[in-house]
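The values are calculated or read from the model by the stated rules, or taken from the named source; none is laboratory data. Small disclaimer: the values here were computed from a predicted structure and weren't measured. Cβ coordinates were reconstructed from backbone atoms using ideal geometry, including for glycine residues, and neighbour counts include every protein chain displayed. Surface accessibility is based on the protein's heavy atoms, side chains included, excluding ligands, DNA and RNA. Shrake-Rupley method; radii C 1.70, N 1.55, O 1.52, S 1.80 Å.
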Amino acid sequence: MHDVLPSDMHLWHRLEHSIRNVFAAYGYSEIRTPIVEKTELFARAIGDATDVVEKEMYSFEDRNGDFLSLRPEGTAGVVRAALQNGLLYASPVRLWYIGPMFRRERPQKGRTRQFHQVGAEVFGAPGPDIDAELMVMCQRIWRELGLNGLRLEVNTLGTPEERACFRDRLYRFLSAHKSDLDEDSLRRLERNPLRILDSKNPAVQAVLEGAPVLGDFLGEESKDRFSGFRRLLDAFDVEHSINPRLVRGLDYYSHAVFEWITDKLGSQGTVCAGGRYDGLVEIQGGKPWPGVGFAMGLERLVELMRTQAEPEAVAPHVYLVMSGDGSTRGGLQLAERLRQTVPGIRVQSNLGGGSFKSQFKRADRSGAALALIVGEDELRDEKVTIKHLRSETAQENIALGDLEIWFRNYLGVLNCIV
């Protein structure tokens, strides 16, 4: 579990700001659910034969004998909240969430035991138009962040009945090759053989080369639905490819599933994934109701942002340098006046004293473009000095009464350049 340090916060802020703006543009409303939920919520929704429930959840018994878990993903909690608070069964409901999730898996680059996700969920829209719009929305987020090289892989899981037929055939095939399966696959074989398709073991993948393919078990309705989804992606110029082995790791998916993948993060290349889960509301105790959504890992997106046009950290516009014991109060009052009267200005005041030389060193380290020099003599004469720290522009002496206008003009020019 890692800290997010100030040096990285500009990346997180840009990421979160862009995502919020895109969700708002598509009519999504934010929802916030508890970090801790009853364990049965995840066991019922995710599936007790998944790795998440079997091995990765942080679960405990509280003083009342209730079994609780730190949430390993966001969708189950959103469905529970929507049911309990009467948010479903109207026109399509578009919700989004952001926050920490927890899984006890082997830490590696882009994957920590506490990680952060942003997710979008839509209820009451049977698709496939909403499925395609979600992909268009993802693509817009990548553009807003300036991210390139992300590829979209899609597949369809068909109906539960079609998937059950495929499951039986896959089980018989893999049972005939038990000697070639690793321990993890043998464990999955009896409980959820579809999860073996996710195996990263090259030897297991070699076995799967001859395995039956889910697409061969789909009926015409499921095929037509998937074709309609892909036609809409083409209409919006969303490039994609079919991955027949893509099944996703949670049991509640059906029909379209998808993953956005990058090759720039090593083996942990999936940065956004999801699909349709028309049976999940019913599993959670509601009446049958369509649902679809995705989740994206913020840590991985931040890592990806570092590999491409990384934005600069936010620096103060001006660093306040104060000279003389009598200048501190007047200088700090002046800084507060600027924050109050000049919209958007960022002023960092020198605190703790120090010589002129040490204060200018701090000003340089702060990244500020300007130093505002306030001394006892200047305050008495109602004048201040502005020194440009990042250019050869000559320093200027400004009357206190003109300072707000000077900074408004300066920020106006700066915003036009940006």
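For the range 374-383, enumerate the residues that are at pLDDT below 90 and within 15 Å of TYR319 (Cα to Cα). Reasoning before the result, please.
Here is the first cut: in the range 374-383, the residues at pLDDT below 90 are 375-383.
Residue satisfying the conditions is GLY375 alone.
Residue count for the range 4-40 under the criterion of being of a type outside the set (S, T, N, Q), in a helix (DSSP H, G or I) and within 25 Å of MET135 (Cβ to Cβ): the result is 12.
Picking from ALA335, ALA363, ALA371, which residue would you name as being surrounded by 18 or more Cβ atoms within 10 Å (Cβ to Cβ), at pLDDT 90 or above, hydrophobic (A, V, I, L, M, F, W, C) and over 17 Å from ALA399 (Cα atoms)?
Numbers: ALA335 fails: over 17 Å from ALA399 (Cα atoms); ALA371 fails: over 17 Å from ALA399 (Cα atoms).
Among ALA335, ALA363, ALA371, only ALA363 is surrounded by 18 or more Cβ atoms within 10 Å (Cβ to Cβ), at pLDDT 90 or above, hydrophobic (A, V, I, L, M, F, W, C) and over 17 Å from ALA399 (Cα atoms).
Being at pLDDT 90 or above, out of contact with any Ser or Thr (no Cβ under 7 Å at 6 or more places or on another chain) and not in a strand (DSSP E or B) is a condition met by at least one residue of the range 111-127. So is LEU400 farther than 30 Å from ASN148 by Cα, surrounded by fewer than 18 Cβ atoms within 10 Å (Cβ to Cβ) and in contact with a Leu (Cβ under 9 Å, 6 or more places away or on another chain) or not? Spelling it out, LEU400 is indeed farther than 30 Å from ASN148 by Cα, surrounded by fewer than 18 Cβ atoms within 10 Å (Cβ to Cβ) and in contact with a Leu (Cβ under 9 Å, 6 or more places away or on another chain). When the range 149-161 is filtered for residues that are under 12 Å from VAL213 (Cβ atoms) and out of contact with any His (no Cβ under 9 Å at 6 or more places or on another chain), only ASN155 remains. With respect to the conditions (1) under 30 Å from ASN192 (Cβ atoms); (2) among the hydrophobic types (A, V, I, L, M, F, W, C); (3) modelled with pLDDT under 95; (4) open to solvent by less than 70 Å² (accessible area, probe 1.4 Å), LEU95 falls short on a single one, namely (3). So, in the range 296-328, of the ones that are modelled with pLDDT under 85, in contact with a Leu (Cβ under 8 Å, 6 or more places away or on another chain) and within 30 Å of LEU338 (Cβ to Cβ), which residue ends up most open to solvent (accessible area, probe 1.4 Å)? That would be GLU310. Scanning the range 338-360 for residues that are surrounded by fewer than 13 Cβ atoms within 10 Å (Cβ to Cβ), within 19 Å of VAL384 (Cα to Cα) and over 36 Å from the mean Cα position of the chain (by Cα) yields a total of 5. With the condition kept exactly as written, say whether any residue in the range 246-255 is buried (at least 16 other Cβ atoms within 10 Å of the Cβ) and on the phi > 0 side of the Ramachandran plot. Checked against the condition, which is being buried (at least 16 other Cβ atoms within 10 Å of the Cβ) and on the phi > 0 side of the Ramachandran plot, the range 246-255 yields at least one hit.
For residues that are part of a helix (DSSP H, G or I) and either open to solvent by less than 50 Å² (accessible area, probe 1.4 Å) or in contact (Cβ under 8 Å) with a residue 60 or more places away in the chain (or both), tally how many sit in the range 380-397.
Let us first name the residues in the range 380-397 that are part of a helix (DSSP H, G or I), namely 380-381.
Cutting the leftovers down to either open to solvent by less than 50 Å² (accessible area, probe 1.4 Å) or in contact (Cβ under 8 Å) with a residue 60 or more places away in the chain (or both) gives us none.
Going through the range 380-397 one residue at a time, the tally reaches 0.
Hey, can you tell me all the residues within the range 128-153 that are within 28 Å of TYR89 (Cα to Cα) and not in a loop (DSSP other than H, G, I, E, B)? Spell out the reasoning first.
The initial filter retains those residues of the range 128-153 that are within 28 Å of TYR89 (Cα to Cα), namely 128-138.
Within the range 128-153, ASP129, ILE130, ASP131, ALA132, GLU133, LEU134, MET135, VAL136, MET137, CYS138 meet the criteria.
Could you run through the range 41-79 and say how many residues are outside any loop (DSSP other than H, G, I, E, B), of a type outside the set (A, V, I, L, M, F, W, C), modelled with pLDDT of 80 or more and closer than 25 Å to LEU194 by Cβ? Outline the logic, then answer.
Looking only at the range 41-79, we keep the residues that are outside any loop (DSSP other than H, G, I, E, B), and these are 41-46, 51-56, 59-61, 67-70, 75-79.
Imposing the further condition that a residue be of a type outside the set (A, V, I, L, M, F, W, C) reduces the set to 44, 51, 54-56, 59, 61, 69, 75, 77.
Filter once more, keeping what is modelled with pLDDT of 80 or more: 56, 59, 61, 69, 75, 77.
Right, trim to closer than 25 Å to LEU194 by Cβ and you get 56, 59, 69, 75, 77.
Adding up the residues that qualify gives 5.
Answer yes if at least one residue in the range 130-141 is small (Gly, Ala, Ser) and more than 23 Å from ARG44 (Cα to Cα), and no otherwise. Taking every residue of the range 130-141 in turn, at least one turns out to be small (Gly, Ala, Ser) and more than 23 Å from ARG44 (Cα to Cα). Close Cβ contacts (under 8 Å, 6 or more residues apart or on different chains) running from residues in the range 165-182 that are open to solvent by 80 Å² or more (accessible area, probe 1.4 Å) to residues that are of a type outside the set (Val, Ile, Thr) and not in a helix (DSSP H, G or I) comprise ARG169/PRO212.
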